[in-house]
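Data first, discussion second: the structure below is written as structure tokens.
The values are calculated or read from the model by the stated rules, or taken from the named source; none is laboratory data. This one's a predicted model, so the numbers in the text were calculated from it and none came from an experiment. Here the Cβ positions follow ideal geometry from the backbone for every residue, glycine too, while neighbour counts run over all protein chains shown. We work out accessible area using only protein heavy atoms, side chains counted, and drop any ligands, DNA or RNA first. Shrake-Rupley method; radii C 1.70, N 1.55, O 1.52, S 1.80 Å.
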Amino acid sequence: HAQVNYSLSFDGTDDYVSISHNSVLNISSGTIAAYVKLDDITDNRYQRIISKKENWNDAAGYELEINPAAKTITFLAGSSNYARGSFTPSTDWIQIVITFSGTTANIYLNGEDISTDTNIDAITDNTLDLWIGDVSGGPHGSTNMNGNIDEVAIWNTALSADAVTAIYNGGAPVDLSSNSGNYTSSSDLQGYWRMNEGTGSTVADASVNNN
């Protein structure tokens with residue numbers, strides 16, 4: 001399903017993408033999606049896919065992390081309260097989607113709800129840069145992604161389970177207003193990084209916000 005002609009490879013040591021702070025990325029009700037390919041399913045670290053926190057238990061911000069050895073995907077929300085899903089790790093491409101609103105978050109893997117804990121504390125705003133592949137402000141060796149990340153998307157609305165399934169079956173984030181597949185025109189889309197540059201040191205945001 002993933003558009004993986006290109007993706008970003010993270011070495012597990014010091015690779016990351018830093019996206020300058022934009023208030024549109026402060027979302028208290030929203031959806032985060034990413035494709036991930038693990039390099040080592042025995043890696044027992046909480047690797048950051050997306051981070052808008054400097055520490056996992058910061059009062060503000062949010063993080064999405066994966067721990068292959070623990071077989072968990074975790075969404076860190078307000079303070080130290082997190083939502084969690086259980087999965088069987090592999091080295092195949094997987095799509096992870098998190099939907100959240102208020103004090104509830106759901107974790108989806110390849111369109112299926114895998115949540116084991118959906119209770120979170122409400123997410124509050126901060127002014128940190130958003131990082132892909134490590135803790136915001138890293139690098140912090142114990143939190144670096146070890147594998148590939150592709151097709152990262154952030155919306156400011158919590159999608160329904162049916163919409164999450166439609167996104168997975170469609171192979172990419174879709175336009176929520178028309179479900180036509182022209183996903184970059186969705187007014188709810190706050191950031192969308194396709195990782196398809198193939199060269200250079202900059203990733204482009206395909207949403208209207210140019211993050």
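Remarks
- Seen from Ala206, the other residues with C-beta closer than 11 Å to its C-beta sum to a net charge of -1, counting Lys and Arg as +1 and Asp and Glu as -1.
- With every protein chain in place, region 94-172: carbon and sulfur % of accessible area (1.4 Å): 44 percent
- Rolling a 1.4 Å probe over the protein heavy atoms gives the chain an accessible area of 40 Å² per residue.
- Charged-residue dipole, Cβ positions (Lys, Arg, Asp, Glu), the chain about Cα centre, Debye nearest 20: 180 debye
- Distance between modelled label sites at Val24 and Glu112, nm, 7 Å Cα→Cβ extension: 3.5 nm
- Neighbour net charge for Ile27 - beta-carbon separation under 12 angstrom, K R +1, D E -1: -1
- Value of [θ]222 nm, deg cm²/dmol, for the chain, DSSP H segments ≥ 4, -39500 (n - 2.57) each, nearest 500: -1500 deg cm²/dmol
- For region 158-170, 3J(HN,Hα) per residue [Karplus equation, 6.51 cos²θ - 1.76 cosθ + 1.60, θ = phi - 60°, Hz, x = Gly/Pro]: 7, 6, 6, 4, 5, 5, 4, 4, 5, 4, 5, 5, x
- The candidate values are [x] 1.15; [y] 0.90; [z] 1.78; the one derived from this structure for Cα Rg over 2.2 N^0.38 Å carries the label [y].
- Using the Cα coordinates of region 1-125, the gyration tensor eigenvalues translate into equivalent-ellipsoid semi-axes of 22, 17, 14 Å, sorted from longest to shortest.
- Computed over the chain with a Gaussian network model linking Cα atoms closer than 10 Å, the most mobile of Ser201, Ser115, Ser80 is Ser201.
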